[in-house]
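Colleague: This is the structure I have questions about; it appears just below.
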Amino acid sequence: PILRLFEAILDRPQSLLSGDHTRSITVATPTTGGLMKFVKSTATCLGCRTPLKESNKGAVCDHCKKNEADICGQQIDKVNQMQTQFARLWTQCQRCQGSLHLEVLCTSRDCAIFYRRRKAHKDLIEAQNTLERFSEAW
């Protein structure tokens, strides 16, 4: 349907959907060696994303301190949603395995749920670590 719109304007409307301009090339940035020895990661404010000073051990900057309870509530909601998603994927893997009482031993690289469960677990751990930044401040 989209190609019909461009047939009147272009000779070959298929060239819009394929070619060099549609490719995206990603270059992996190194985490060790070279200049990365001199790079230091800093925590950012969860409200406005500004880098926090080393003396500030909390989750938000001084400017966002008045909204800290709202930001914390949003982070708690985010963690709860991720926990629910991970629990559903975990239960689905347990059903596939045939036991709801044992740990999932699935390492099937062909299963799409395996990768979704692994990503959900990784995201959940990251969100929990972010939520722990609030406990340092409170």
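The values are calculated or read from the model by the stated rules, or taken from the named source; none is laboratory data. Note that the structure is a prediction, hence the values are computed from the model and not measured. Backbone-built Cβ (ideal geometry, glycine too); neighbour counts: all protein chains shown. Heads up: the accessible areas ignore ligands, DNA and RNA and are worked out on the full protein's heavy atoms, side chains in. Shrake-Rupley method; radii C 1.70, N 1.55, O 1.52, S 1.80 Å.
Colleague: Name the residue that is farthest from the chain's Cα centre (by Cα), counting only residues in segment 103-122 that are modelled with pLDDT of 85 or more and open to solvent by less than 50 Å² (accessible area, probe 1.4 Å).
Modeller: ARG117
Colleague: Take the residues of segment 90-102 that are over 24 Å from LYS78 (Cβ atoms) and in a helix (DSSP H, G or I): which is least open to solvent (accessible area, probe 1.4 Å)? Explain how you work it out, then say what you get.
Modeller: From segment 90-102, those over 24 Å from LYS78 (Cβ atoms) are 94-102; that's our starting set.
When the remaining residues are screened for being in a helix (DSSP H, G or I), the result is 94-97.
Details: GLN94: 21, ARG95: 166, CYS96: 113, GLN97: 74 Å².
Per the criteria, the residue is GLN94.
Colleague: Right, here's the next one. Determine, yes or no, whether LYS66 is in a helix (DSSP H, G or I) and of a type outside the set (Ser, Thr, Tyr). Walk me through how you get there before you give the answer.
Modeller: Values: in a helix (DSSP H, G or I): yes; of a type outside the set (Ser, Thr, Tyr): yes.
Answer is yes for this residue.
Colleague: If I filter segment 28-48 for residues that are among the basic types (Lys, Arg), part of a loop (DSSP other than H, G, I, E, B) and touching a residue at least 60 places away in the same chain (Cβ under 8 Å), do I get at least one hit? Spell out how you get there, then give the answer.
Modeller: The first filter runs over segment 28-48 and keeps only residues among the basic types (Lys, Arg), leaving 37, 40.
Still in the running and part of a loop (DSSP other than H, G, I, E, B): 40.
Then drop every residue that is not touching a residue at least 60 places away in the same chain (Cβ under 8 Å), which leaves none.
Scanning segment 28-48, I find no residue that is among the basic types (Lys, Arg), part of a loop (DSSP other than H, G, I, E, B) and touching a residue at least 60 places away in the same chain (Cβ under 8 Å), so the answer is no.
Colleague: Could you list, ordered by first residue, the pairs with Cβ atoms under 8 Å in which the first is in segment 87-113 and farther than 17 Å from LEU124 by Cα and the second is open to solvent by 80 Å² or more (accessible area, probe 1.4 Å) and modelled with pLDDT under 80, at least 6 apart or interchain?
Modeller: GLN94/LEU100; GLN94/LEU102; GLN97/LEU105
Colleague: To continue, here is another question. Among (1) farther than 18 Å from GLN128 by Cβ; (2) open to solvent by less than 90 Å² (accessible area, probe 1.4 Å); (3) in a loop (DSSP other than H, G, I, E, B), there is one condition VAL60 misses while meeting the rest; what is its number?
Modeller: Result: VAL60 fails condition (1) only.
Colleague: Is there a residue in segment 17-34 that is open to solvent by 40 Å² or more (accessible area, probe 1.4 Å), farther than 23 Å from LEU124 by Cβ, touching a Leu at 6+ places or on another chain (Cβ under 9 Å) and modelled with pLDDT under 85?
Modeller: Within segment 17-34, one or more residues are open to solvent by 40 Å² or more (accessible area, probe 1.4 Å), farther than 23 Å from LEU124 by Cβ, touching a Leu at 6+ places or on another chain (Cβ under 9 Å) and modelled with pLDDT under 85.
Colleague: Determine whether LYS78 is of a type in the set (D, E, K, R), touching a residue at least 12 places away in the same chain (Cβ under 8 Å), surrounded by 10 or more Cβ atoms within 10 Å (Cβ to Cβ) and in a loop (DSSP other than H, G, I, E, B). Full working, then the answer.
Modeller: On the way: of a type in the set (D, E, K, R): yes; touching a residue at least 12 places away in the same chain (Cβ under 8 Å): yes; surrounded by 10 or more Cβ atoms within 10 Å (Cβ to Cβ): yes; in a loop (DSSP other than H, G, I, E, B): no.
No, not satisfied.
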